[in-house]
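Everything on this sheet refers to the single structure shown next.
The values are calculated or read from the model by the stated rules, or taken from the named source; none is laboratory data. Note that the coordinates shown come from a computational prediction; the quantities given were computed from them, not determined experimentally. Neighbour counts run over all protein chains shown; Cβ positions are idealised from the backbone, glycine included. Note: accessible area is taken over every heavy atom of the protein model, side chains too, but ligands, DNA and RNA are not part of it. Shrake-Rupley method; radii C 1.70, N 1.55, O 1.52, S 1.80 Å.
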Amino acid sequence: TVDPRAAKQCADEYHSLYERVAEEHPGILPPQARTEEYTKRIVESYPFHPRLLDTAKDRLGALADFQRSRGVLRLFARIIRDVWERREDTDLITAAEIDFSSNRIKSDLLQRLNKDQFEAAVSADVIAHAGELDNGKRGVHTRVASALMLESLAGTSHAGLTPDDLTLAVIRPDEAGQEPTEALDHLIGNCWHIYPMDGGAGYQFRVEPNVRKQIEERRNRILVADAEARVQAEAQQYFQGGGFKVRNWPEHANAVPDAPHFQIVLCDSESRAKSVVAHADDRDPTAPIKRRFINTVVALAPTEAAYRATVQRAQSLMAAEELEREYRTGDSGA
């Protein structure tokens with residue numbers, strides 16, 4: 001049974017949400033979301049979001065292996081059970097509530113529909129990458145990835161979500177409005193199976209891995225020493241010029257002259273930078289020689305975490321450049 005008062009209260013709350021978001025962020029929602037007709041649809045489809053019903057009817061219903069009414073009933077019953085067991089305090093069940101880590105859901109949406117080929121995308125992106133972005137919790141990244149995966153299961157070139165439809169499918173009353181599209185941007189930057197839809201209007205999951213996956217696989221073959229050299233070369237280029245002398249990556253303090261003229265020293269660690277500024281020679285750590293002109297030397301160094309992260313990004317960049325050279329021409333290049 002459905003409590004009609006709860007349905008009406010929820011519909012009014014979502015109508016207010018859509019009105020507010022459309023006013024504050026024009027174009028972020030489909031125009032029909034603000035209409036009275038759509039509010040009535042929420043009442044009629046409660047506790048499910050109308051967008052989820054549309055997906056079940058138009059996307060999943062078009063699949064030969066989806067048993068229309070029986071398939072919808074079984075799927076929605078399992079979604080309700082999962083939400084109940086997770087004790088989620090949700091006003092309206094949307095595609096974002098579909099838990100692809102649930103064996104029951106995967107059985108219905110992957111095995112029954114013969115979509116097992118999406119298993120890699122579900123594991124790597126909907127569960128792993130989105131989970132990492134949500135710091136292990138079921139947050140907005142996981143919700144967005146779940147909605148996008150459900151919409152993509154049809155496997156056609158137009159099976160996906162545009163940013164406005166994604167917002168409609170995922171947004172909650174306690175959110176400002178831009179959270180779903182911002183989460184999508186983060187997923188695009190991390191996931192291995194997200195592609196732009198044909199025409200560039202939206203995004204979809206595909207079975208085949210995208211170029212980011214290829215970069216990740218190849219990155220580990222780039223030597224750390226080569227990536228460090230790339231990072232250091234970029235830093236040197238940035239600090240070139242000006243009315244000062246740049247000293248690059250000294251191993252010991254004596255590589256930086258103890259002289260009365262301004263010098264900038266690029267170091268690969270904070271400890272080395274502090275020693276270069278304080279000492280004229282630190283080759284013997286038991287008897288370092290103090291620097292006389294300490295006010296003429298500025299040493300710059302990254303934190304250890306920042307340096308490691310930058311070296312990893314350099315490895316990814318160098319892997320991407322290798323791929324670009326290999327696939328510069330022909331169909332594979334396109």
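Normalised by the number of residues in the chain, what is the relative contact order in percent for Cα pairs under 8 Å and 6+ residues apart?
On the way: 444 pairs, mean separation 40.6, N = 334.
Relative CO of the chain lands at 12 percent.
Stretch GLU270-GLN214 to full length: gain in nm at 0.36 nm per residue minus the Cα-Cα span?
Numbers: separation 56, 0.36 × 56 = 20.16 nm, distance 3.42 nm.
Separation in residues times 0.36 nm, less the Cα-Cα distance, equals 16.7 nm.
Straight-line reach from LYS115: which aspartates and glutamates fall under 14 Å, measuring Cα to Cα and dropping same-chain residues less than 8 apart?
ASP65, GLU151, GLU208
In nanometres, what is the gap between the two model label sites at GLN312 and ASN135, each 7 Å from Cα along Cα-to-Cβ?
1.7 nm
Pull up the DSSP beta bridges for the chain and report the antiparallel fraction as a percent, rounded to 5. The partial results should precede the final answer.
Details: 6 of 15 bridges.
About 40 percent, rounded to the nearest 5.
Can you pick out the pairs among LYS245/LYS274; LYS8/LYS106; LYS213/LYS274; LYS137/LYS274; LYS40/LYS106; LYS137/LYS213 whose Cα atoms lie more than 30 Å from each other? Walk me through the numbers before you get to the answer.
Details: LYS245/LYS274 18 Å; LYS8/LYS106 32 Å; LYS213/LYS274 40 Å; LYS137/LYS274 40 Å; LYS40/LYS106 32 Å; LYS137/LYS213 24 Å.
Listed pairs above 30 Å: LYS8/LYS106; LYS213/LYS274; LYS137/LYS274; LYS40/LYS106.
Write down the percent of antiparallel bridges among all DSSP beta bridges whose residues are both part of the stretch 174-331, to the nearest 5.
Numbers: 5 of 13 bridges.
Taking every DSSP beta bridge with both residues in the stretch 174-331, the antiparallel ones total about 40 percent.
Quick one: accessible area per residue over the stretch 249-316, 1.4 Å probe, rounded to a whole number of Å²? Walk me through the numbers on the way to the answer.
Working: 3950 Å² over 68 residues.
For the stretch 249-316, the per-residue accessible area is 58 Å².
The list (i) 1.02; (ii) 1.37; (iii) 1.26 gives values of Cα Rg over 2.2 N^0.38 Å, and only one came from this structure; which label was calculated from it?
Answer by label: (ii).
With all protein chains present, how much of the accessible area of the stretch 83-158 (probe radius 1.4 Å) comes from carbon and sulfur, to the nearest whole percent?
Working: 1480 of 3100 Å².
Carbon-and-sulfur percentage of accessible area, whole number: 48.
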